[in-house]
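Before any comments, here is the structure.
The values are calculated or read from the model by the stated rules, or taken from the named source; none is laboratory data. These numbers come from a predicted model, not from an experiment. No Cβ is skipped: glycine too gets one built from the backbone with ideal geometry, and neighbour counts run over all protein chains shown.
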Amino acid sequence: MTEQFNYWGNIVEQYQKESSISCTDFHYGPLIPGDRFLKLLPKDLKDLNCLEIACGGAQNSIYLAKNGAKCTALDSSKAQITYAKKLAQENSTNVDLKLISMEEISPQLGNFDLIHSAYGLNFSSSFNDVIAISHELLNDNGILIFSIPHPLFSGEFLELDNESGLFIKEYFDIKPEQRFDEDGKEITRSYFYSFDEISSILAENNFLIERICEPRLCENPPYTSELWEEYREQMQSFPGTLIIKAVKNK
(Lines give C-alpha, C1' and ligand atoms only; values in the text may rest on other atoms or scores of the structure.)
Protein backbone atom coordinates (compact mmCIF):
# COMPACT_ATOMS: atom_id res chain seq x y z
CA MET A 1 0.00 0.00 0.00
CA THR A 2 2.82 2.42 0.83
CA GLU A 3 4.34 2.17 -2.64
CA GLN A 4 0.96 2.72 -4.30
CA PHE A 5 0.31 5.70 -2.05
CA ASN A 6 3.65 7.30 -2.90
CA TYR A 7 3.19 6.64 -6.60
CA TRP A 8 -0.20 8.33 -6.90
CA GLY A 9 0.66 11.01 -4.38
CA ASN A 10 3.56 12.10 -6.57
CA ILE A 11 1.67 12.20 -9.88
CA VAL A 12 -1.93 13.15 -9.04
CA GLU A 13 -1.62 16.87 -9.79
CA GLN A 14 0.04 16.26 -13.15
CA TYR A 15 -2.23 13.32 -14.01
CA GLN A 16 -5.49 15.16 -13.35
CA LYS A 17 -4.22 18.29 -15.10
CA GLU A 18 -3.20 16.40 -18.25
CA SER A 19 -6.21 14.07 -18.36
CA SER A 20 -9.69 14.95 -19.56
CA ILE A 21 -12.16 12.81 -17.60
CA SER A 22 -15.84 13.61 -17.93
CA CYS A 23 -18.36 13.88 -15.11
CA THR A 24 -21.24 13.87 -17.59
CA ASP A 25 -20.74 10.30 -18.82
CA PHE A 26 -19.58 7.15 -17.03
CA HIS A 27 -16.12 6.24 -18.37
CA TYR A 28 -14.51 2.80 -18.59
CA GLY A 29 -11.06 3.65 -19.88
CA PRO A 30 -9.04 5.85 -22.21
CA LEU A 31 -10.19 6.57 -25.77
CA ILE A 32 -13.26 4.29 -25.61
CA PRO A 33 -16.99 5.07 -25.38
CA GLY A 34 -18.65 5.72 -22.05
CA ASP A 35 -21.86 4.21 -20.72
CA ARG A 36 -23.96 6.51 -22.86
CA PHE A 37 -22.98 4.14 -25.68
CA LEU A 38 -22.08 0.87 -23.90
CA LYS A 39 -25.13 0.85 -21.58
CA LEU A 40 -23.76 -1.46 -18.90
CA LEU A 41 -25.17 0.45 -15.93
CA PRO A 42 -28.65 -0.21 -14.55
CA LYS A 43 -31.27 1.88 -16.36
CA ASP A 44 -32.59 3.39 -13.13
CA LEU A 45 -29.83 4.96 -11.04
CA LYS A 46 -32.06 6.80 -8.56
CA ASP A 47 -31.30 5.78 -4.97
CA LEU A 48 -28.93 3.05 -6.16
CA ASN A 49 -26.34 2.44 -3.44
CA CYS A 50 -22.93 2.49 -5.18
CA LEU A 51 -19.31 1.89 -4.19
CA GLU A 52 -16.36 2.93 -6.33
CA ILE A 53 -13.05 1.17 -5.69
CA ALA A 54 -9.80 3.03 -6.47
CA CYS A 55 -11.82 6.08 -7.43
CA GLY A 56 -9.06 8.53 -8.36
CA GLY A 57 -10.87 11.81 -8.96
CA ALA A 58 -14.22 10.01 -8.45
CA GLN A 59 -15.59 11.26 -11.77
CA ASN A 60 -17.74 8.15 -12.17
CA SER A 61 -19.20 8.49 -8.68
CA ILE A 62 -19.95 12.15 -9.39
CA TYR A 63 -21.75 11.11 -12.57
CA LEU A 64 -23.82 8.54 -10.67
CA ALA A 65 -24.62 11.03 -7.90
CA LYS A 66 -25.80 13.55 -10.51
CA ASN A 67 -28.28 10.90 -11.64
CA GLY A 68 -29.68 10.24 -8.18
CA ALA A 69 -27.44 7.44 -6.88
CA LYS A 70 -26.04 7.30 -3.35
CA CYS A 71 -22.28 7.11 -3.76
CA THR A 72 -19.32 6.01 -1.67
CA ALA A 73 -15.86 6.17 -3.22
CA LEU A 74 -12.51 5.09 -1.84
CA ASP A 75 -8.88 5.46 -2.81
CA SER A 76 -5.52 4.82 -1.13
CA SER A 77 -4.11 8.21 -2.20
CA LYS A 78 -4.80 11.24 -0.02
CA ALA A 79 -4.02 13.49 -2.98
CA GLN A 80 -6.65 11.73 -5.11
CA ILE A 81 -9.27 12.02 -2.36
CA THR A 82 -8.47 15.72 -1.92
CA TYR A 83 -8.90 16.28 -5.65
CA ALA A 84 -12.12 14.24 -5.67
CA LYS A 85 -13.61 16.32 -2.83
CA LYS A 86 -12.91 19.51 -4.76
CA LEU A 87 -14.38 18.09 -7.95
CA ALA A 88 -17.51 16.88 -6.16
CA GLN A 89 -18.04 20.35 -4.71
CA GLU A 90 -17.58 21.96 -8.13
CA ASN A 91 -20.26 19.61 -9.49
CA SER A 92 -22.62 20.22 -6.55
CA THR A 93 -22.76 16.53 -5.70
CA ASN A 94 -22.53 14.54 -2.50
CA VAL A 95 -20.04 11.65 -2.60
CA ASP A 96 -18.87 9.93 0.58
CA LEU A 97 -15.11 9.85 -0.03
CA LYS A 98 -12.91 7.56 2.07
CA LEU A 99 -9.13 7.16 2.29
CA ILE A 100 -9.03 3.35 2.11
CA SER A 101 -6.97 1.00 -0.04
CA MET A 102 -8.46 -1.94 -1.91
CA GLU A 103 -6.70 -4.30 0.48
CA GLU A 104 -8.36 -2.67 3.50
CA ILE A 105 -11.99 -2.93 2.40
CA SER A 106 -14.13 -4.53 5.09
CA PRO A 107 -17.81 -5.48 5.54
CA GLN A 108 -18.22 -2.44 7.79
CA LEU A 109 -18.48 -0.28 4.67
CA GLY A 110 -22.08 -1.42 4.28
CA ASN A 111 -24.10 -3.06 1.52
CA PHE A 112 -24.29 -1.91 -2.08
CA ASP A 113 -26.33 -2.45 -5.21
CA LEU A 114 -23.43 -1.61 -7.53
CA ILE A 115 -19.67 -1.84 -7.09
CA HIS A 116 -17.58 -0.33 -9.86
CA SER A 117 -13.95 0.38 -10.68
CA ALA A 118 -12.32 1.83 -13.79
CA TYR A 119 -8.64 0.99 -14.24
CA GLY A 120 -8.19 0.38 -10.53
CA LEU A 121 -8.23 -3.35 -9.79
CA ASN A 122 -5.17 -3.88 -11.99
CA PHE A 123 -3.09 -2.07 -9.36
CA SER A 124 -3.89 -4.67 -6.70
CA SER A 125 -1.76 -7.76 -6.28
CA SER A 126 -4.72 -9.31 -4.41
CA PHE A 127 -7.28 -9.39 -7.22
CA ASN A 128 -9.03 -12.46 -5.79
CA ASP A 129 -9.40 -10.81 -2.37
CA VAL A 130 -10.96 -7.68 -3.88
CA ILE A 131 -13.46 -9.78 -5.83
CA ALA A 132 -14.26 -11.82 -2.71
CA ILE A 133 -14.98 -8.78 -0.53
CA SER A 134 -17.00 -7.23 -3.36
CA HIS A 135 -19.28 -10.27 -3.30
CA GLU A 136 -19.67 -9.90 0.45
CA LEU A 137 -20.58 -6.21 0.17
CA LEU A 138 -23.11 -6.59 -2.63
CA ASN A 139 -26.82 -7.07 -2.04
CA ASP A 140 -28.54 -10.05 -3.65
CA ASN A 141 -28.39 -9.67 -7.44
CA GLY A 142 -25.94 -6.81 -6.95
CA ILE A 143 -23.78 -5.79 -9.90
CA LEU A 144 -19.99 -5.64 -10.19
CA ILE A 145 -18.55 -3.67 -13.13
CA PHE A 146 -14.85 -3.17 -13.59
CA SER A 147 -12.44 -2.30 -16.37
CA ILE A 148 -8.77 -3.19 -16.56
CA PRO A 149 -6.06 -3.14 -19.24
CA HIS A 150 -6.79 -5.81 -21.84
CA PRO A 151 -4.23 -8.65 -21.75
CA LEU A 152 -3.37 -7.83 -25.38
CA PHE A 153 -2.21 -4.41 -24.17
CA SER A 154 0.73 -6.17 -22.54
CA GLY A 155 2.15 -6.79 -26.01
CA GLU A 156 4.60 -4.73 -28.01
CA PHE A 157 3.43 -2.96 -31.16
CA LEU A 158 5.91 -3.57 -34.00
CA GLU A 159 6.31 -2.35 -37.55
CA LEU A 160 8.18 -4.73 -39.87
CA ASP A 161 8.47 -4.59 -43.66
CA ASN A 162 5.62 -2.09 -44.01
CA GLU A 163 3.40 -4.29 -41.85
CA SER A 164 2.44 -3.55 -38.26
CA GLY A 165 1.05 -5.73 -35.51
CA LEU A 166 1.18 -6.88 -31.93
CA PHE A 167 3.84 -9.15 -30.50
CA ILE A 168 3.10 -11.05 -27.29
CA LYS A 169 5.94 -13.13 -25.94
CA GLU A 170 3.97 -15.01 -23.27
CA TYR A 171 0.20 -14.95 -22.79
CA PHE A 172 -0.16 -17.61 -20.08
CA ASP A 173 2.18 -15.84 -17.67
CA ILE A 174 1.84 -12.16 -18.46
CA LYS A 175 4.34 -10.09 -16.52
CA PRO A 176 2.98 -6.96 -14.80
CA GLU A 177 3.85 -3.51 -16.05
CA GLN A 178 6.45 -2.11 -13.67
CA ARG A 179 6.66 1.60 -12.97
CA PHE A 180 9.73 3.29 -11.55
CA ASP A 181 10.69 6.55 -9.91
CA GLU A 182 13.43 8.89 -11.11
CA ASP A 183 16.02 6.83 -9.22
CA GLY A 184 15.00 3.61 -10.92
CA LYS A 185 13.21 2.18 -7.88
CA GLU A 186 10.02 0.23 -8.62
CA ILE A 187 7.10 2.03 -7.02
CA THR A 188 4.05 0.24 -8.40
CA ARG A 189 2.84 -2.52 -10.70
CA SER A 190 -0.11 -2.79 -13.04
CA TYR A 191 -1.20 -6.41 -13.46
CA PHE A 192 -2.67 -8.14 -16.50
CA TYR A 193 -5.16 -11.00 -16.25
CA SER A 194 -6.19 -13.50 -18.90
CA PHE A 195 -9.86 -14.22 -19.59
CA ASP A 196 -9.43 -17.61 -17.96
CA GLU A 197 -8.03 -16.10 -14.75
CA ILE A 198 -10.80 -13.53 -14.53
CA SER A 199 -13.63 -15.98 -15.21
CA SER A 200 -12.19 -18.52 -12.75
CA ILE A 201 -11.87 -15.97 -9.95
CA LEU A 202 -15.39 -14.64 -10.53
CA ALA A 203 -16.84 -18.16 -10.58
CA GLU A 204 -14.98 -19.14 -7.40
CA ASN A 205 -16.52 -16.12 -5.69
CA ASN A 206 -20.07 -16.85 -6.89
CA PHE A 207 -20.37 -14.25 -9.63
CA LEU A 208 -22.09 -14.80 -12.95
CA ILE A 209 -20.58 -12.93 -15.89
CA GLU A 210 -23.27 -10.98 -17.74
CA ARG A 211 -21.21 -9.01 -20.26
CA ILE A 212 -17.64 -8.97 -21.57
CA CYS A 213 -16.74 -5.86 -23.56
CA GLU A 214 -13.70 -5.10 -25.70
CA PRO A 215 -14.67 -1.64 -26.97
CA ARG A 216 -13.31 -0.08 -30.13
CA LEU A 217 -11.94 3.45 -29.90
CA CYS A 218 -14.25 6.39 -30.46
CA GLU A 219 -14.09 10.08 -31.20
CA ASN A 220 -14.58 12.45 -28.26
CA PRO A 221 -14.24 9.80 -25.52
CA PRO A 222 -15.15 10.70 -21.94
CA TYR A 223 -11.57 9.87 -20.86
CA THR A 224 -8.52 10.95 -22.82
CA SER A 225 -5.19 12.76 -22.61
CA GLU A 226 -2.42 13.81 -24.98
CA LEU A 227 -0.42 10.76 -23.89
CA TRP A 228 -3.25 8.33 -24.65
CA GLU A 229 -3.95 10.03 -27.97
CA GLU A 230 -0.42 9.07 -29.01
CA TYR A 231 -1.55 5.42 -28.83
CA ARG A 232 -4.69 5.95 -30.91
CA GLU A 233 -3.28 4.75 -34.23
CA GLN A 234 -1.84 1.61 -32.66
CA MET A 235 -5.00 0.83 -30.70
CA GLN A 236 -7.30 1.05 -33.73
CA SER A 237 -6.67 -2.64 -34.50
CA PHE A 238 -6.75 -4.28 -31.06
CA PRO A 239 -8.60 -3.69 -27.76
CA GLY A 240 -6.77 -1.84 -25.01
CA THR A 241 -9.48 -2.16 -22.37
CA LEU A 242 -11.40 -5.14 -21.00
CA ILE A 243 -14.72 -4.51 -19.25
CA ILE A 244 -16.50 -7.11 -17.14
CA LYS A 245 -20.05 -6.90 -15.83
CA ALA A 246 -20.94 -9.62 -13.33
CA VAL A 247 -23.92 -10.30 -11.09
CA LYS A 248 -23.77 -11.69 -7.57
CA ASN A 249 -24.99 -15.26 -7.47
CA LYS A 250 -26.78 -16.13 -4.23
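For region 1-14, the set of residues classified as surrounded by fewer than 17 Cβ atoms within 10 Å (Cβ to Cβ) and at pLDDT below 55 consists of Met1, Thr2, Glu3, listed by residue number. In the set (1) surrounded by 24 or more Cβ atoms within 10 Å (Cβ to Cβ); (2) in contact with a strand residue (DSSP E or B) (Cβ under 7 Å, 6 or more places away or on another chain), Gln80 fails one condition alone, (2). Only one of Ile115, Ile100, Ile168 is without any contact (Cβ under 8 Å) to a residue 40 or more places away in the chain and under 21 Å from the mean Cα position of the chain (by Cα); which? Answer to the check: Ile100. Condition check for Phe123 on (1) modelled with pLDDT under 90; (2) buried (at least 17 other Cβ atoms within 10 Å of the Cβ): one failure, at (1).
On the given criteria, is Gly165 outside any strand (DSSP E or B) and either loosely packed, with under 15 Cβ neighbours inside 10 Å or at pLDDT 90 or above (or both)? Spelling it out, it is not the case that Gly165 is outside any strand (DSSP E or B) and either loosely packed, with under 15 Cβ neighbours inside 10 Å or at pLDDT 90 or above (or both).
Among strands (runs of 3 or more DSSP E) entirely within region 179-250, having at least 3 residues that are at pLDDT below 95 singles out 186-190. Of all residues in region 102-120, those that are buried (at least 19 other Cβ atoms within 10 Å of the Cβ) and on the phi < 0 side of the Ramachandran plot total 10.
A search for C-beta distances below 9 Å between a residue of region 15-44 that is in a loop (DSSP other than H, G, I, E, B) and modelled with pLDDT under 95 and any residue that is surrounded by fewer than 17 Cβ atoms within 10 Å (Cβ to Cβ) and among the basic types (Lys, Arg), counting only pairs 6+ apart in sequence or on different chains, returns nothing.
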